[in-house]
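> Have a look at the structure that comes next, please.
The values are calculated or read from the model by the stated rules, or taken from the named source; none is laboratory data. On a predicted model such as this, the values are computed, not experimentally measured, just so you know. Quick reminder, even Gly has a Cβ in these numbers, built from the backbone with ideal geometry, and neighbours come from all protein chains shown. We work out accessible area using only protein heavy atoms, side chains counted, and drop any ligands, DNA or RNA first. Shrake-Rupley method; radii C 1.70, N 1.55, O 1.52, S 1.80 Å.
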Amino acid sequence: MNLLYGCRLSNKNISGKHFMTLFDGRTFNGWEGDTIRTWQIKDGVITGGSLSQEVPENDFLVTSNIYNDFKLRLKFKLTGNQGFVNAGVQFRSQRLTNPPNEMKGYQGDIGPGYWASLYDESRRNITLAMPDSTLIAKTLKPDDWNDFEILAEGNRIRIFLNGHQTIDYKETDPNIPQSGYIGLQIHGGGKAIVCYKDIMIEKLR
C-alpha cells in the first residue's frame, strides 16, 4: 500500500505549558492497533490508508490510556481520490469486540460533508452536531495540514478547526460515558490517506 503519499512534510511538535505529547514522532509507544498493514510512521507523521487500494473497513489506532476531561490538539491531512474519503478522532470511546475493528463513542469527524462535526460512532450512529458550512468553507485547508482541537469538559464538547470553533455540544443523556480511549480513524470504503501529527493532550480532570 502507498501509505506515505502527500504526508511527509512534518513540523516539530510545539508543546504547551500543560500539554503532554501523545505521539513521540518515532514509535507507536502508547498506541495500539494494526501497525503492520494499516498504520505507519514516517518523518514524524502517523499515516493510515491507501490511494492505490480501497481501505476495506474502518480502522483505529487507539491510545493505551483512558481520558476523562481534556483538551486534545493535533494536526491532520486527508487526501483521497475515490469512494468515501473520511477519517476522524475518537474520544471517550471504547473498543468493540464484534466487530473487533470498530470503536464506540464520540468522534470529531474529518471528511467532505462532515468536517469538524461531532458524530456518535457505533452507538447512536448519528451526527450530534454539524458546523455551519460557510465557516468550514472559509476555514478548511483542503489536502493540506489543518489544526484540530477537541475540548471535553463534563457534558460539554467543543471542536475547533484551525482556531475557529465549529461545535459546542452538551450531552443530555446521563448514561453516555464521559471517559474512554482516544482513537485515530481511517474510514473504510474509499481510496484515501489520513495523516496525523503533533498530537498533544492537556488533562483537565
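> So, in segment 104-133, exactly how many residues are more than 13 Å from Ile159 (Cα to Cα), out of contact with any Gly (no Cβ under 8 Å at 6 or more places or on another chain), not in a loop (DSSP other than H, G, I, E, B) and not hydroxyl-bearing (Ser, Thr, Tyr)?
The qualifying residues number 1.
> Just a yes or no: is a residue in segment 93-109 out of contact with any Lys or Arg (no Cβ under 9 Å at 6 or more places or on another chain), hydrophobic (A, V, I, L, M, F, W, C) and modelled with pLDDT of 95 or more?
Within segment 93-109, none of the residues are out of contact with any Lys or Arg (no Cβ under 9 Å at 6 or more places or on another chain), hydrophobic (A, V, I, L, M, F, W, C) and modelled with pLDDT of 95 or more.
> While we're on this one: Please go through segment 17-58 and pick out each residue that is open to solvent by 30 Å² or more (accessible area, probe 1.4 Å), touching an Asp or Glu at 6+ places or on another chain (Cβ under 9 Å), farther than 15 Å from Lys75 by Cβ and assigned to a strand (DSSP E or B).
Within segment 17-58, Met20 is the sole residue that qualifies.
> Of everything in segment 59-103, what is free of Cβ contacts under 8 Å to residues at least 40 places away in the same chain and either β-branched (Val, Ile, Thr) or part of a strand (DSSP E or B) (or both)? Give them in sequence order.
Of everything in segment 59-103, just one residue is free of Cβ contacts under 8 Å to residues at least 40 places away in the same chain and either β-branched (Val, Ile, Thr) or part of a strand (DSSP E or B) (or both), namely Thr97.
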